[in-house]
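Peer 1: Next up is a structure, given as C-alpha cells.
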Amino acid sequence: VQLQASGGGLVQAGGSLRLSCAASGSTFSDYALGWFRRAPGKEREFVAAISWSGGSTYYADSVRGRFTISRDNAKDTMYLQMNKLEPEDTAVYYCAADQRGLGYVLKNNGLDAWGQGTLVTVSS
C-alpha cells in the first residue's frame, strides 16, 4: 500500500485542523492504521491508531479528548481531526499502515507502509 498524508498547515493555539491519509495500491480495509508525529529535536511518537473496521481506536495520553482518528474504507482514506491544538502539537505528522493488525501499529513494530509526512505548526 502507498500512503499520502495531507492537511497540515499553520494554525493558532486553540484552533483545529483535519489531516487526511489517502491510500492506494492495496485493499485499504486489510490494514490497521495509525498516526505518528515527530517534533523538532524529538523522536517519532505514537499519536493514534484505528483497527481494520474502525471499531477500535487508541490515543496517546497527550491527545486523548482533543484528537479523533477515523477512516472511510469506501474512500480509502484515514483522517485525524485535531481540535484545541497546542504549540506542543507542532510536528511533522505521518500516517502508517500494517496488515498484521492494531497491536503492531501501537508498538510501531516494523510497519508495512508510511506516508511522507505533513507539517503542522501551532503558534502561541
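Peer 1: Of the residues in the range 95-124, how many are touching a helix residue (DSSP H, G or I) at 6+ places or on another chain (Cβ under 6 Å) and not β-branched (Val, Ile, Thr)?
Peer 2: Here the count works out to 3.
Peer 1: Condition first: of a type outside the set (A, V, I, L, M), modelled with pLDDT of 95 or more, open to solvent by 50 Å² or more (accessible area, probe 1.4 Å) and farther than 11 Å from GLY117 by Cα. Now tell me which residues in the range 1-33 satisfy that.
Peer 2: GLN2, GLN12, GLY14, SER16, ARG18
Peer 1: Right, here's the next one. Within the set of pairs 6 or more residues apart or between chains, which connect a residue that is farther than 14 Å from TYR104 by Cα inside the range 26-43 to a residue that is open to solvent by less than 50 Å² (accessible area, probe 1.4 Å) and part of a helix (DSSP H, G or I) with Cβ atoms less than 8 Å apart?
Peer 2: Qualifying pairs under 8 Å: ARG37/ASP89.
Peer 1: Then there's this: Considering each residue of the range 73-115, count those that are in contact with a Phe, Trp or Tyr (Cβ under 8 Å, 6 or more places away or on another chain) and on the phi > 0 side of the Ramachandran plot, and give that number.
Peer 2: Residues meeting the conditions: 4.
Peer 1: Also: Please enumerate the residues belonging to the range 5-39 that are under 11 Å from the mean Cα position of the chain (by Cα) and of a type in the set (S, T, N, Q).
Peer 2: SER6, SER20
Peer 1: Checking THR68 against (1) more than 16 Å from ARG18 (Cα to Cα); (2) modelled with pLDDT of 95 or more; (3) under 15 Å from the mean Cα position of the chain (by Cα); (4) open to solvent by 60 Å² or more (accessible area, probe 1.4 Å), which single condition isn't satisfied?
Peer 2: Condition (1) is where THR68 drops out.
The values are calculated or read from the model by the stated rules, or taken from the named source; none is laboratory data. In this text, all values refer to a predicted model and were calculated from it rather than measured experimentally. Cβ sites come from the backbone with ideal geometry, for glycine too, and all protein chains shown count toward neighbours. Calculation scope for accessible area: heavy atoms of the full protein, side chains included, ligands and nucleic acids excluded. Shrake-Rupley method; radii C 1.70, N 1.55, O 1.52, S 1.80 Å.
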